[in-house]
Amino acid sequence: MARSKITSNKTEKQQLSSYDSKDDGNSQPLSNRQKIKRLLRKPIVFTFAMNFILVLSTLTVTKLVKSDALVPRASEENLTGASYRLKCAYQNFLDHYPLYMSAIMLSAFKKTNTNYQLSLNLIILATRLLHPIGYVLNIALLRGFSYQSSQVATTFLFLCSILKEDKFQSVLNFL
């Protein structure tokens, strides 16, 4: 029993070191593109990169909202229709973002199962991208479903980080 734990720990360390494998001296130096590909194989880096893209896309979309540069607060109060809904969707995104990022960082520091971590992060990312679309198009069902899905996935990411894998599996089996 103890011997199997030791060998399983060695295989886990080998898998983790395959992410950070150093050159053995015989290979050619890596190009910048290869370095980026190697870096993006790490789940936490991939997730932060996807979130950075999400934030940038959200910021560029909010610039489409027409507001007067001289009196921005007064012009924001006069927004109507899709512009107002887009502003509200962006504000909703900013309200949820710190909770989501803390869940990602906790799961990275606790070294949770990579499969759970990546799948939950992709679910959150997809639903957070769908939320402003449903908000701007005024589709309440899509907006509500995407927001609640992202909240549930964030909760599961916290649970996955806090609980051990067998306890988390029992929670999943219960649901």
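The values are calculated or read from the model by the stated rules, or taken from the named source; none is laboratory data. None of these values were measured; they are calculated from a predicted model. Neighbour counts run over all protein chains shown; Cβ positions are idealised from the backbone, glycine included.
Computed values, structure above
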quantity: For Thr155: the one exception among (1) of a type in the set (Ser, Thr, Tyr); (2) loosely packed, with under 15 Cβ neighbours inside 10 Å; (3) not in a helix (DSSP H, G or I); calculated: (3)
quantity: In segment 96-145, residue nearest to Leu86 (Cα to Cα) [restricted to those that are surrounded by 14 or more Cβ atoms within 10 Å (Cβ to Cβ) and of a type in the set (Val, Ile, Thr)]; calculated: Val136
quantity: Test set (1) of a type in the set (Phe, Trp, Tyr); (2) at pLDDT below 80; (3) surrounded by 14 or more Cβ atoms within 10 Å (Cβ to Cβ) - Phe174 fails condition number; calculated: (3)
quantity: Complete set of residues in segment 109-136 that are closer than 23 Å to Cys88 by Cβ, in contact (Cβ under 8 Å) with a residue 40 or more places away in the chain and either of a type outside the set (Phe, Trp, Tyr) or not in a helix (DSSP H, G or I) (or both); calculated: Leu125, Arg128, Leu129, His131, Pro132, Val136
